[in-house]
Amino acid sequence: MTQFENYLKYLKDKKLNRLTIKNYQFYLNRFFEFAKIKKPSDISLKKIQLFINYLSQLKVHYKTLNKATINYHLIALRSFLKYLEIKKIKNIPSANEVKLKKIFRQPVTLTKLDLEKLLEAPRKFNNPEIIKTRDKAILELLFSTGLKVSKIAYLTIKNIDLVKNQITLASRIFELSNQAKFWLKDYLKMRTDNIPSLFISHDRASRLRNKPVNLSARSIQRLVEKYAKSVGLTKKVTPQTLRQAYANKLLSQGLEVKEVQKKLGHKHINTTNLIYKG
């Protein structure tokens, strides 16, 4: 199919990862062979649905495909349909009509003891005092506000009010726990720079450059994972895990799910329901 060859060239020109292109080619060839597709107009929603049914029963190495793998096939198919739409090819289904399978992942939850170990982990590392204090403040802030890691990474000192015990961010107010306030206050006392970012790097490379930078969301995620491993937690613990712990704390204190939904900034209440395990 000439359009398919053009599509693969289009992906290469966009400098898409080689492995991704190879996977898309494999997934789409599987669809073309199953549905006997010779030209774009042969593609129909009925054939796509039959293909999904086929994938649901397909066994590879004696195991049926999971929903994520089926979705990879559908993502490749949607990408191809979008390309055909760009090229104004008619009589084909819209990419938006190809719906992915819903995957509900059971959230990782922490016991009270797990949480205590994690929050204490930074103080047990052989790091400079300012790094210990910064990381302790980050963990306490994640747990006491339920803020997303992307928001925490870009907080500035001006967002923090240690008199009112709160953070103001985009017209929303987040209350600080006493622990979060204590460690934030300690951390800011140690700072001798005039950088507006709340959390910055203090590693040797930054000191040599004399140019500290604010911690990225990925850096914060890595430090959470590092501290979780250091205290022997075998579960995959991320900043989202602390956000879930915050939600569970609020619900255990008697707050209604709708109130928790508002605090977390969830658009749909089902998202809030999914993270709570009573």
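The values are calculated or read from the model by the stated rules, or taken from the named source; none is laboratory data. Bear in mind the structure is a predicted one, so any value in this text is a computation, not a measurement. Counting neighbours? That spans all protein chains shown, and the Cβs are built from the backbone with ideal geometry, glycine included.
Checking Pro93 against (1) touching a residue at least 24 places away in the same chain (Cβ under 8 Å); (2) in the same structural domain as Leu45 (by TED's automatic domain parsing); (3) surrounded by fewer than 16 Cβ atoms within 10 Å (Cβ to Cβ): exactly one of these is not met. Which one?
Among (1) touching a residue at least 24 places away in the same chain (Cβ under 8 Å); (2) in the same structural domain as Leu45 (by TED's automatic domain parsing); (3) surrounded by fewer than 16 Cβ atoms within 10 Å (Cβ to Cβ), the lone unmet condition for Pro93 is (3).
Surrounded by fewer than 17 Cβ atoms within 10 Å (Cβ to Cβ) and at pLDDT below 95 - does that describe any residue in segment 141-148? It would help to see each step written out before you state the result.
First, pick out the residues of segment 141-148 that are surrounded by fewer than 17 Cβ atoms within 10 Å (Cβ to Cβ): 148.
Filter again for at pLDDT below 95, leaving 148.
Within segment 141-148, one or more residues are surrounded by fewer than 17 Cβ atoms within 10 Å (Cβ to Cβ) and at pLDDT below 95.
Here is a list of conditions, (1) within 26 Å of the chain's Cα centre (by Cα); (2) of a type in the set (S, T, N, Q); (3) modelled with pLDDT under 90, and Ser201 meets all of them except one; can you say which number that is?
Answer for Ser201: the failing condition is (3).
Matching residues to (1) modelled with pLDDT under 85; (2) assigned to a helix (DSSP H, G or I):
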{"position": "Ile195", "(1), (2)": "no, no"}
{"position": "Arg207", "(1), (2)": "yes, yes"}
{"position": "Val224", "(1), (2)": "no, yes"}
{"position": "Thr234", "(1), (2)": "no, no"}
{"position": "Val237", "(1), (2)": "no, no"}
{"position": "Gln240", "(1), (2)": "no, yes"}
{"position": "Arg243", "(1), (2)": "no, yes"}
{"position": "Lys249", "(1), (2)": "yes, yes"}
{"position": "Asn270", "(1), (2)": "yes, yes"}
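A quick yes/no check of all residues on (1) assigned to a loop (DSSP other than H, G, I, E, B); (2) free of Cβ contacts under 8 Å to residues at least 12 places away in the same chain; (3) not aliphatic (A, V, I, L, M):
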{"position": "Asn29", "(1), (2), (3)": "no, yes, yes"}
{"position": "Phe32", "(1), (2), (3)": "no, no, yes"}
{"position": "Lys47", "(1), (2), (3)": "no, no, yes"}
{"position": "Tyr54", "(1), (2), (3)": "no, no, yes"}
{"position": "Arg78", "(1), (2), (3)": "no, no, yes"}
{"position": "Leu81", "(1), (2), (3)": "no, no, no"}
